[in-house]
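*Asks:* I'd like to ask you about the structure that follows.
The values are calculated or read from the model by the stated rules, or taken from the named source; none is laboratory data. Please read these numbers as outputs of a predicted model, since none were measured by experiment. Cβ sites come from the backbone with ideal geometry, for glycine too, and all protein chains shown count toward neighbours. The accessibility values were calculated without ligands, DNA or RNA, using every heavy atom of the protein model including side chains. Shrake-Rupley method; radii C 1.70, N 1.55, O 1.52, S 1.80 Å.
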Amino acid sequence: MGEPLIVLDKVSRVYTSGESTVVALDRIDIRIDAGEMVAIVGASGSGKSTLMNILGCLDRSTSGHYRIAGRDVASLDGDELAALRREHFGFIFQRYHLLGELTAIGNVEMPAVYAGLSSADRHDRAAGLLHRLGMDKRQAHTPGQLSGGQQQRVSIARALINGADVILADEPTGALDSRSGEEVLRILDEIHAEGRTVIIVTHDMAVARRARRIIELRDGAVVSDRPNADDDAAVAKMRAAGVQGAGIGVPRAPRWRAGLSRFWEALRMALSSMNAHRLRALLTMLGIIIGVASVVCVVALGSGSQERVLANINSLGTNTLEIFPGKDFGDTRSAKIKTLVVADARALAQQPYVAAVAPTVSTSSTLRFGAIEASAQISGVGEQYFQVKGTQLAEGGFLDADSVRSYAQDAVIDDNARKALFPDGTTSPVGQVILVGRVPCRVVGVTRQQQSGFGSSANPTVYLPYTTVQARFLGDRSLRSVSVRVNDTTSTDAAEQAVTRLLTERHNAKDFFILNTDDIRRTIQSTTQILTLLVAAIAVISLIVGGIGVMNIMLVSVSERISEIGVRMAVGARQTDILQQFLIEAVLVCLIGGTLGIGLAVGFGAVFNVFDVGFRLIYSTTSVVVAIVSSTIIGVAFGYMPARNASKLDPVVALSRE
Ligand code: ADP
Ligand code: MG
């Protein structure tokens, strides 16, 4: 016959805390065969629990060797020990150590989750075990709703669910009245009769006498190891039958399914723990909510205002150049510079890259129609002006080349002028004669209202041929500006250079400046982008602050649930299982917070868009995706440290925490 199932070889366990050392176990030699039922007795403080923790691979010996089925546990890493606890050991504790948030059946199923049983299998097995232990009607009760004896039966079922072949019971009846205690002992007897190895720790000789062998400890040493008086034929019988405590077959789900099932379990745990601390979870989320909402809003504001500004630019006309006299907009002498003339506009019209040219002059004057008077902007324009600007008509026609050549007193009025002069809206302005200053003009057309645009104020504007304005209003042949539409095959930048060259040559000096709409568009685009980035960066800082809040709460949550972590480790949870559980919780908090934040931002946008402030908030999918992704990243980044702390806990230390 080979080596016994359990072999302790001069095993010692020394606790050191600061200066003092306690020798809890002192060079212990114990051998236990498969299928034995052993009681470990001794006074309080004699080292029974310490021995039990070492036997169950929750704790390691300070010196000596512990071999299970020939394998030295010193050579196993944390996950291998967890696997041993999961597959081969079943723990029963004096204080049951059930998880309060789970139902009876949930508690029983838990080790099977870590062992990778499919959910149907584990439910069936758990229900079967609870049925066998007379707990049929209590499956859905939480531990708080169960008596001590019932809780202990749940914990026995939990110890059995993975088909453990060694059951370790530390004072299983210690907290029970004598009747419930008797019941638990009867169950342990049955379990033993199935061929499992049962090791019971007790200080009660009456309990110990149920075992076939009694090992007595005193001050960490074995003082006696004797067979019980009425040793059994039963063990011999079982050995003959070859039962030997062989692992009871447990069906395993495929690997990926097992992993998924553990993930679901972790998710469920995270949700139930958040549910248990709703207010705290919400307050934790608040940082993330505000952070995400502000990032999304700022980006939406940025793109909304950018859209608005670009629309304004587009209303200037696409690929157009505006030529003004003077050095730049700030040039106070530009009104006195008279070098920009109609001949320049004619020369420009000859250029191959020019599609249309419109010389303009401007002044202001009073409009009069009947008894109605209004002050207006007078624009003297060339016939191609409307084409250059992309102006659209509401009715009538534009000024034509004839009216420009013949100094005609024809006028095109804009929508504002129409409203001012023809407020009733029933008479058509076209064909009517209005007074512009003292010049009577016939209205030939009405332009459509411009959606947006610089100077799209309520100020009425009247367009007359520039020749008429020069002759009748200004008495001067210089121009206020020349608008040039560049043809589609030439870039506005190239055209700008060519125009500069041409006019510099004609004037022998650069006494003009050019406004390039493309240029303005680009500048505004980059400016608003930079501004948006800047404000978004500030919002990101608030996200980071939110993340720190999450980390803080996760640390609290871990320290509150240390004993839960201990129980999970005792039933065989891997370090990664614990890590995953807390990480999922952190990510969940951030993700839910992020989603609420996006909701808040969208709600804000809806309210904002109700009030007409001139532009809308534009939500980009990118910013929403980025918000979701970044809140996940924050969850992982700030949840990792607390989760790792949890997974690195020593199972014995964690278990002893109440
Ligand atoms: P029992 O279960 O037989 O009552 P324990 O195994 O719990 O005894 O304890 C054995 C001895 O080891 C006691 O003297 C106890 O004070 C000491 N001990 C137990 N756990 C620790 C620990 N974590 N740190 C220091 N001393 C400990
Ligand atoms: Mg003890």
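*Asks:* Is it the case, given these coordinates, that residue 116 is open to solvent by less than 20 Å² (accessible area, probe 1.4 Å), touching a strand residue (DSSP E or B) at 6+ places or on another chain (Cβ under 7 Å) and among the small types (Gly, Ala, Ser)?
*Replies:* Numbers: open to solvent by less than 20 Å² (accessible area, probe 1.4 Å): yes; touching a strand residue (DSSP E or B) at 6+ places or on another chain (Cβ under 7 Å): no; among the small types (Gly, Ala, Ser): yes.
No: the conditions fail for residue 116.
*Asks:* Taking residue 15 as meeting all but one of (1) in contact (Cβ under 8 Å) with a residue 24 or more places away in the chain; (2) within 14 Å of ligand 2 (Cβ to nearest atom), write down the number of the exception.
*Replies:* So the condition that residue 15 fails would be (1).
*Asks:* Also, I was wondering about something else. How about the stretch 60-72: which of its residues are farther than 20 Å from residue 198 by Cβ and either open to solvent by less than 60 Å² (accessible area, probe 1.4 Å) or not assigned by TED's automatic domain parsing to the domain that holds residue 216 (or both)?
*Replies:* So in the stretch 60-72, the residues farther than 20 Å from residue 198 by Cβ come out as 60-65, 70-72.
Of everything in the stretch 60-72, those that are farther than 20 Å from residue 198 by Cβ and either open to solvent by less than 60 Å² (accessible area, probe 1.4 Å) or not assigned by TED's automatic domain parsing to the domain that holds residue 216 (or both) turn out to be 61, 63, 64, 70, 72.
*Asks:* On to the next question. I'd like to check something: does the stretch 519-534 contain any residue that is closer than 21 Å to residue 389 by Cβ, open to solvent by less than 30 Å² (accessible area, probe 1.4 Å) and not in a loop (DSSP other than H, G, I, E, B)?
*Replies:* The answer is no, given that none of the residues of the stretch 519-534 is closer than 21 Å to residue 389 by Cβ, open to solvent by less than 30 Å² (accessible area, probe 1.4 Å) and not in a loop (DSSP other than H, G, I, E, B).
*Asks:* Right, next: Please enumerate the residues belonging to the stretch 399-438 that are touching a Ser or Thr at 6+ places or on another chain (Cβ under 7 Å) and more than 13 Å from residue 380 (Cβ to Cβ). Talk me through it step by step, then tell me what you get.
*Replies:* Residues of the stretch 399-438 touching a Ser or Thr at 6+ places or on another chain (Cβ under 7 Å): 404, 407-410, 412, 414-417, 436-437.
Once the filter is applied, which keeps residues that are touching a Ser or Thr at 6+ places or on another chain (Cβ under 7 Å) and more than 13 Å from residue 380 (Cβ to Cβ), the stretch 399-438 yields 414, 415, 416, 417.
*Asks:* Considering only residues of the stretch 183-201 that are surrounded by 15 or more Cβ atoms within 10 Å (Cβ to Cβ) and more than 17 Å from residue 166 (Cβ to Cβ), which is nearest to the chain's Cα centre (by Cα)?
*Replies:* Among residues in the stretch 183-201 that are surrounded by 15 or more Cβ atoms within 10 Å (Cβ to Cβ) and more than 17 Å from residue 166 (Cβ to Cβ), the one nearest to the chain's Cα centre (by Cα) is 184.
*Asks:* Also, I was wondering about something else. For the stretch 15-28, enumerate the residues that are in contact with a strand residue (DSSP E or B) (Cβ under 6 Å, 6 or more places away or on another chain) and open to solvent by 60 Å² or more (accessible area, probe 1.4 Å).
*Replies:* 15, 21, 22, 23, 27
*Asks:* Identify, from the list 360, 320, 366, 339, the residue that is under 25 Å from residue 484 (Cα atoms) and surrounded by fewer than 19 Cβ atoms within 10 Å (Cβ to Cβ).
*Replies:* Values: 360 fails: surrounded by fewer than 19 Cβ atoms within 10 Å (Cβ to Cβ); 320 fails: surrounded by fewer than 19 Cβ atoms within 10 Å (Cβ to Cβ); 366 fails: under 25 Å from residue 484 (Cα atoms).
Matching residue, one of 360, 320, 366, 339: 339.
*Asks:* What do you reckon, is residue 181 more than 13 Å from ligand 1 (Cβ to nearest atom) and small (Gly, Ala, Ser)?
*Replies:* Values: more than 13 Å from ligand 1 (Cβ to nearest atom): yes; small (Gly, Ala, Ser): yes.
Yes, satisfied.
*Asks:* Continuing with this model, one more query. Only residues that are open to solvent by 10 Å² or more (accessible area, probe 1.4 Å) and basic (Lys, Arg): list them for the stretch 545-599, please.
*Replies:* Of everything in the stretch 545-599, those that are open to solvent by 10 Å² or more (accessible area, probe 1.4 Å) and basic (Lys, Arg) turn out to be 561, 574.
*Asks:* Quick one: which of 168, 98, 130, 102 is open to solvent by 20 Å² or more (accessible area, probe 1.4 Å) and either assigned to a helix (DSSP H, G or I) or under 25 Å from residue 83 (Cβ atoms) (or both)?
*Replies:* Every option except 98 fails the conditions.
*Asks:* For the stretch 358-394, enumerate the residues that are in a strand (DSSP E or B) and either among the hydroxyl-bearing types (Ser, Thr, Tyr) or free of Cβ contacts under 8 Å to residues at least 12 places away in the same chain (or both). Before the answer, list the steps.
*Replies:* From the stretch 358-394, those in a strand (DSSP E or B) are 358-369, 372-381, 393-394; that's our starting set.
Correct list: 360, 362, 363, 364, 365, 366, 373, 375, 379.
*Asks:* How many residues are assigned to a strand (DSSP E or B) and open to solvent by less than 10 Å² (accessible area, probe 1.4 Å) if we restrict to the stretch 29-40? So that I can check it myself, show each step before the final result.
*Replies:* Initially, the stretch 29-40 is screened for residues assigned to a strand (DSSP E or B), giving 29-32, 37-40.
The next check asks that each one be open to solvent by less than 10 Å² (accessible area, probe 1.4 Å); those that pass are 30, 32, 37-40.
Total satisfying the criteria: 6.
*Asks:* Sort out which residues of the stretch 535-577 are closer than 30 Å to residue 286 by Cα, assigned to a helix (DSSP H, G or I) and among the charged types (D, E, K, R), and write them in order of number.
*Replies:* Selection gives 560, 564, 577.
*Asks:* Please give the number of the condition residue 503 fails out of (1) in contact with a His (Cβ under 9 Å, 6 or more places away or on another chain); (2) open to solvent by less than 30 Å² (accessible area, probe 1.4 Å); (3) not acidic (Asp, Glu).
*Replies:* Condition (1) is where residue 503 drops out.
*Asks:* Can you tell me which residues in the stretch 41-68 are closer than 15 Å to residue 167 by Cα and assigned to a loop (DSSP other than H, G, I, E, B)?
*Replies:* The answer is 56, 57, 58.
*Asks:* Let me ask something additional. Of the residues 121, 79, only one is closer than 17 Å to residue 160 by Cα and either open to solvent by 50 Å² or more (accessible area, probe 1.4 Å) or assigned to a helix (DSSP H, G or I) (or both); which?
*Replies:* Details: 79 fails: closer than 17 Å to residue 160 by Cα.
After ruling out the rest, the residue left standing is 121.
*Asks:* Within the stretch 462-484, can one find any residue that is hydrophobic (A, V, I, L, M, F, W, C), loosely packed, with under 14 Cβ neighbours inside 10 Å and under 28 Å from residue 363 (Cα atoms)? I'd like the intermediate steps shown before the answer.
*Replies:* If we filter the stretch 462-484 for residues that are hydrophobic (A, V, I, L, M, F, W, C), which is where we start, we get 462, 464, 469, 471, 473-474, 479, 482, 484.
From what is left, the residues that are loosely packed, with under 14 Cβ neighbours inside 10 Å are none.
Checking the stretch 462-484: not a single residue is hydrophobic (A, V, I, L, M, F, W, C), loosely packed, with under 14 Cβ neighbours inside 10 Å and under 28 Å from residue 363 (Cα atoms).
*Asks:* Quick check on the stretch 54-73. Is at least one of its residues away from ligand 1 (no atom under 16 Å from the Cβ), under 23 Å from residue 170 (Cα atoms) and basic (Lys, Arg)?
*Replies:* Yes, that holds for at least one residue.
*Asks:* Let me ask you something else. Every residue in the stretch 40-88 that is away from ligand 2 (no atom under 14 Å from the Cβ) and of a type in the set (A, V, I, L, M), please.
*Replies:* Correct list: 68, 69, 73, 74, 76, 81, 82, 83, 84.
*Asks:* Do we find a residue being part of a helix (DSSP H, G or I) and more than 12 Å from ligand 1 (Cβ to nearest atom) anywhere in the stretch 86-95? Let's see the steps before the verdict.
*Replies:* From the stretch 86-95, those part of a helix (DSSP H, G or I) are 86-87; that's our starting set.
Still in the list and also more than 12 Å from ligand 1 (Cβ to nearest atom): 86-87.
Yes, there is a match, as at least one residue in the stretch 86-95 is part of a helix (DSSP H, G or I) and more than 12 Å from ligand 1 (Cβ to nearest atom).
*Asks:* Taking the condition open to solvent by 10 Å² or more (accessible area, probe 1.4 Å), within 16 Å of ligand 1 (Cβ to nearest atom) and either at pLDDT below 90 or at positive phi (or both), does residue 205 pass?
*Replies:* yes
*Asks:* Could we say that residue 632 is farther than 23 Å from residue 275 by Cβ and at pLDDT below 90 here? Give the steps one after another, and end with the answer.
*Replies:* Numbers: farther than 23 Å from residue 275 by Cβ: no; at pLDDT below 90: yes.
Against the criterion (farther than 23 Å from residue 275 by Cβ and at pLDDT below 90), residue 632 does not qualify.
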